[in-house]
1. Which value, in debye to the nearest 20, describes the size of the charge dipole of the chain about its Cα centre when Lys and Arg Cβ atoms bear +1, Asp and Glu Cβ atoms bear -1, and nothing else is charged?
2. Can you give me the P(r) profile for region 1-160? Cα pairs, bins 5 angstrom wide beginning at 0, each as a whole percent.
3. Counting only pairs 8 or more places apart or on different chains, how many lysine pairs in region 129-256 have C-alpha atoms closer than 28 Å?
4. Length gain on complete extension for the stretch Leu211 to Ile177, per 0.36 nm per residue less the alpha carbon to alpha carbon distance?
5. Using a probe of 1.4 angstrom, how much of the accessible area of the chain is carbon and sulfur, in percent?
6. Tell me the mean residue ellipticity at 222 nm calculated for the chain from its helices only (DSSP H runs of n ≥ 4, each -39500 (n - 2.57), averaged over every residue, nearest 500).
7. Projecting each Cα onto the charge dipole of the chain (Lys/Arg +1, Asp/Glu -1 at the beta carbon, about the Cα centre), which of Gly56, Ala216, Gly205 comes out farthest on the positive side?
8. Which helices, counted as full DSSP H runs in the chain, have an axial Cα extent of no less than 15 Å and a Kyte-Doolittle average of 1.0 or above?
Amino acid sequence: MLMGSLLFSVGLDIFLVPNHIIDGGIVGISIILSHLLHVPLGIFLVLLNLPFLLIGYKQIGKTFAVSTLFSVLIMSIGSTLLHPIDPITIDPLLAAVFGGIILGIGVGLVIRSGGSLDGTEIVAILFSKRTPFSVGEIVMFFNLFILSSAGFVFGWDHAMYSLIAYYIAFKMIDITIEGLDQSKSVWIISDESDKIGDAITYRLGRGVTYLNGEGAFSGENKKVIFSVITRLEEAKLKSIVDEHDPSAFLAIGNIHDVKGGRFKKKDIH
C-alpha cells in the first residue's frame, strides 16, 4: 500500500497535474477544485475521501476502511511533498501516457493489498444495489462527467489527454492486479483424455484433475480434464490436444487468482 500510494503521487504531481491532466473519480474532482480555489491538492484528496471512508467502514468493513485511510493519507502527503518539484515532461501526450502507467500500477498495488485510493467505487456499489446499473457502468458515468468537466476548466484538448491517461491507468490496474503471468483454467473433453492428461503432466509440467461427466444428448460417460496453466503455456497446450485428438472439446478461461493445490510447475521431461 505504501509503495502504491507513493507511485500514485508521483504519477499525479510529476506528470498529470503540472500538465493540467486529471484522473477520474475523487482525484479528478480534487484536481479541479485545487486549480479553481488555489488550495493544495493534498487537502482535497483527504477531505473528499473522508465521507466515503465512513460509508466503506459501514458497508465493507473496518479493515478496508483503515487500509484505504492509510493509502489516502500517504497519497496526500506524497502529493504535498512532490508538488514543488518540476515535472519530468511538459509534453501533454507523454505526461498522459507515462502518468497513466504509473497511476495504474500504484492503484493496482493498493487494491491488491486490500485498500483503495478513491471513494467512487464505494458509491457505485451502493448505487448498484438500488438501480439496474452495474458498478462498472456507474463508475464510468461518474468519470465521464468528471473528465468532461475538465474540458470547461482546462480546455478540451486537456480533457482528451485526460481520457487517454484514464484509459491507460485502467488497463495498468488490471495488469498489476492480475499479473503479466495470468493464469488460465482449461477444460478438455476427449475420448483420448488419458493420453492428453499424461502429455499435459509430463510435457507441460502441469497437474491434471479428471472429472466424471455425462453427455446430455448422447448419455455417454465422458472423462473431463481440468487443469490450470499460464497464458504463456496456452499455445503449447493447444498443440498437445490437437496432436492426440483434433476433435476434442477445449475451453480456456481467465483466472484472477490461484491458491492452494499443486499449481507449482513441475519439471518438464
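1. Using only the charged Cβ atoms, the result is roughly 760 debye.
2. 2, 10, 18, 23, 22, 15, 8, 3, 1, 0
3. 17
4. Length gained, Leu211 through Ile177: 9.2 nm.
5. So the carbon and sulfur contribution to the accessible surface is 65 percent.
6. -18500 deg cm²/dmol, from helical runs alone.
7. Gly56
8. 25-37, 62-82, 92-112, 135-154
The values are calculated or read from the model by the stated rules, or taken from the named source; none is laboratory data. Since the model is a prediction, treat every value here as computed from it, not as a measurement. As a convention, Cβ positions derive from the backbone with ideal geometry for all residues, glycine included, and neighbour counts pool all protein chains shown. Just the protein is used for accessible areas: all its heavy atoms, side chains included, with ligands, DNA and RNA removed. Shrake-Rupley method; radii C 1.70, N 1.55, O 1.52, S 1.80 Å.
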